[in-house]
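Derivation of every value follows stated rules applied to the coordinates shown; laboratory data play no part. Since the structure is predicted, the reported quantities are computational estimates derived from the model, not experimental observations. Cβ sites come from the backbone with ideal geometry, for glycine too, and all protein chains shown count toward neighbours.
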């Protein structure tokens, strides 16, 4: 597909479990972003990758959250010891470079029960 | 990044022009104005951006005041599919992230 792809689209997990959320950016896009969106709020920045490296991880709420992008393409957001407050839609976006507009995926809706 | 102020909600009749205002009185000289929208249950969608000149594309027009302290996004002939939350964002060139506010919930009525 031509757009940003996120899997799974929905994830329900139990409190305390570990989850991984995947993002396939648009081919050739070097910049990749993760955002989190709670109900009724605008998206909240989590982390930004330029290539393989995390250039800005200032939005990660705590050390239970971690993201990787080992080959500069696909990225995985990892959440350890999930809490009910982690329930949200997690959005991924990519752009050709940091000067270009970002294209967002449909998001992964995470529900922690 | 400069903060933006938008009305919480707006209504517009189908077929009419929808004019969405945004205030960004603390904008700096190197900061661009970006507009995104988010249709229910979808990710945000890029609409348009500009620095100081008015811009137009197939989706919308962006009018930026001469002092750059405010702007207006214009959807010339609104359709029901334009119902969405519209976000006005100010971003420095090369800045690493978009900072979203609450946006304007635009409802297009038949």
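The distance between label points at residue B:40 and residue B:93 comes to 4.1 nm (points 7 Å beyond Cα on the Cα→Cβ vector). Take every Cα pair under 8 Å whose residues are at least 6 apart in sequence, average their separation, divide by the length of chain B, and the relative contact order is 37 percent. Cβ-to-Cβ counts within 10 Å put A:103, A:66 in ascending order as A:66, A:103, the fewest first.
Averaged over the residues of B:88-94, the number of partner chain Cβ atoms lying within 10 Å of the residue Cβ comes to 1. Sorted ascending by nearby beta carbons within 10 Å, beginning with the fewest, A:104, A:45 become A:45, A:104. Look at the alpha carbon pairs under 8 Å that are at least 6 residues apart: their mean separation over the length of the stretch A:5-113 gives a relative contact order of 37 percent. Return the FRET efficiency for the residue pair residue A:97, residue B:81: r is the Cβ-Cβ distance, R0 is 35 Å, and the value is rounded to the nearest 0.05. Calculated value: 0.70.
Remark: B:40, B:77, B:49 ranked as B:40, B:77, B:49, counting other beta-carbon atoms within 10 Å and listing the fewest first.
Calculate, for residue B:109 and residue B:63, the FRET efficiency according to 1/(1 + (r/R0)^6) with r their C-beta to C-beta distance and R0 22 Å; round to the nearest 0.05. Each step should come with its number before you reach the end.
Numbers: r = 24 Å, r/R0 = 1.07.
Approximately 0.40, to the nearest 0.05.
Give me the compactness ratio for the protein assembly as shown, meaning the Cα radius of gyration over 2.2 N^0.38 Å. Don't skip to the answer; put the middle values down first.
Values: Rg = 17.7 Å, N = 223, 2.2 N^0.38 = 17.2 Å.
Dividing the Cα radius of gyration by 2.2 N^0.38 Å gives 1.03.
Full-extension gain between residue A:17 and residue A:5, please, as 0.36 nm times their residue separation minus the C-alpha to C-alpha distance. Can you show the working numbers first?
Values: separation 12, 0.36 × 12 = 4.32 nm, distance 2.38 nm.
Answer, rounded to one decimal: 1.9 nm.
Note on residue B:13/residue A:44: beta-carbon distance plugged into 1/(1 + (r/R0)^6) with R0 of 22 Å gives a FRET efficiency of 0.10.
Across q = 0.13 Å⁻¹, chain B modelled as identical point scatterers on its alpha-carbon atoms has Debye log10 I(q)/I(0) values of -0.43, in the order of the q list.
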